[in-house]
Amino acid sequence: TLHSRILMRLLVELQGNMSEKRRIGIVGYGSLGRYLVDEVLKRSDELELAFVWNRTGSTLESEAAHLDRRFVLKDLKEFAARRADLIVEVAHPSVTSDYGEAFLRSADFMVGSPIAFADHSTERKLREVSEGGDHGLYVPSGALWGGEDIRRMADRGTLKGLKITMKKHPHSFHLEGELAVKNSAVTDTTVLYNGPVRALCPLAPRNVNTMAAAAIAAHNLGFDKVQGQLVADSSLTSHIIDIQVEGPVNEASQEQFTVHTVRYNPAVTGRVTGSATYSSFLSSMLGQY
């Protein structure tokens with residue numbers, strides 16, 4: 001599991017001297033990346049945009065009328081020259097795998113695709129850099145409701161089970177391999193996957209970051225024991241996150257402590273991210289709840 005130093009920073013407010021402007025680098029310019037860029041630019045009294053990078057450079061080229069060219073970073077290897085205080089990844093888990101160590105040596109790093117930590121090597125490398133460096137490693141709450149409570153139970157060793165069920169319209173899933181084939185044939189309601197989160201992550205790299213964040217919070221269980229279920233439902237116009245938490249059994253009554261929450265997040269059909277997740281992500285970036 002991730003080192004406790006990182007876990008203590010999970011889903012908590014960013015620290016730092018907010019009397020000075022913080023320079024923010026945004027890695028990824030999809031719908032969430034655009035939203036974050038716009039929000040940073042709106043807050044010019046406290047934030048500065050250090051750079052924006054996107055895997056598909058033509059996307060930024062087409063935004064010339066909307067985005068000042070001085071903010072565009074063409075080569076991500078040159079990120080350090082932009083002197084960002086915080087780098088926010090909202091692109092793809094491969095970015096964290098390839099650049100996470102370098103980012104952490106230069107700035108605080110917020111990992112918007114925490115499924116990257118399902119890879120043992122990536123987890124180990126970033127843990128080592130974070131332990132020995134001066135910069136913070138953060139995972140935003142995103143669509144995970146109750147993450148701090150899950151983490152506290154894990155800290156105490158009272159978290160016994162955790163299952164996250166994600167229900168979306170099939171067009172809102174962007175899947176790989178056998179799951180993509182199965183999802184393409186959905187006409188009503190179909191369970192696409194039910195099992196450990198670690199095995200699911202490489203098959204749904206754009207969809208299960210909520211589950212990955214839960215697996216990090218539930219550090220006594222981790223990616224192998226936290227369970228995930230994907231359900232495609234062609235009738236849905238929202239993203240539904242169902243979280244089931246299991247705690248200890250009362251010795252006297254033999255009844256088990258349980259918590260069940262359902263997050264209903266309106267979303268445009270085909271969108272990976274629901275509308276409420278945008279503001280949640282922004283709050284994490286700003287260091288607010």
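The values are calculated or read from the model by the stated rules, or taken from the named source; none is laboratory data. What you are looking at is a predicted structure, and each value in this text was computed from that prediction instead of being measured. Glycine gets a Cβ as well: all are built from the backbone with ideal geometry, and neighbour counts include every protein chain shown. Ligands, DNA and RNA are stripped out before the accessible areas are found, and what is left, the full protein with its side chains, is counted by its heavy atoms. Shrake-Rupley method; radii C 1.70, N 1.55, O 1.52, S 1.80 Å.
Compactness ratio of the chain: Cα Rg over 2.2 N^0.38 Å, N = residue count?
1.00
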Over all directions, what mean area does the Cα convex hull of region 40-113 project, stated in square nanometres? 5.0 nm²
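Mind checking Rg over Rh on region 97-165, alpha carbons, Kirkwood formula for Rh?
Ratio value, two decimals: 1.01.
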Out of the total accessible area of region 144-255 (probe 1.4 Å, heavy atoms of protein only), what percent is carbon and sulfur? 48 percent
Using Cα atoms only, what is the angle between the long axis of helix 31-42 and the major principal axis of the chain, expressed in degrees (0 to 90) to the nearest 10? 50 degrees
Relative contact order of the chain, defined on C-alpha pairs under 8 angstrom at six or more residues apart (%): 20 percent
Residues meeting the amide H criterion for residue 160 (H placed from the backbone, H to H distance under 5 Å, 5 or more places apart or on another chain) are 246, 247
Mean accessible area per residue over the chain (1.4 angstrom probe, all protein chains present, square angstrom) is 46 Å²
Which length gain, in nm to one decimal place, applies between residue 155 and residue 75 when the Cα-Cα distance is subtracted from 0.36 nm times their residue separation? 24.8 nm
Lysines with Cα under 24 Å of residue 160, excluding same-chain neighbours fewer than 8 positions away: 225
Using a cut-off of 12 Å between beta-carbons, work out the net charge of the residues near residue 160 (Lys and Arg +1, Asp and Glu -1, residue 160 not included). +2
For residue 105 paired with residue 181, estimate the spin-label separation in nm (one decimal), with each label point 7 Å from Cα along the Cα-to-Cβ line. 4.2 nm
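Could you tell me the calculated FRET efficiency between residue 56 and residue 283, based on Cβ-Cβ distance and R0 = 41 angstrom, to the nearest 0.05?
Step by step, r from the Cβ atoms, then E = 0.90.
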Using only the Cα atoms of region 213-252, what do you get for the radius of gyration and for Dmax, in Å? 14.3, 45
Percent relative contact order of region 58-137, based on C-alpha pairs within less than 8 angstrom and at least six residues apart? 27 percent
At most 10 other Cβ within 10 Å, DSSP loop - GluC sites (Glu not before Pro), region 216-256: 251, 255
Of the peptides 196-202, 68-74, how do they stack up when ordered by the mean number of other Cβ atoms within 10 Å, highest first? 196-202, 68-74
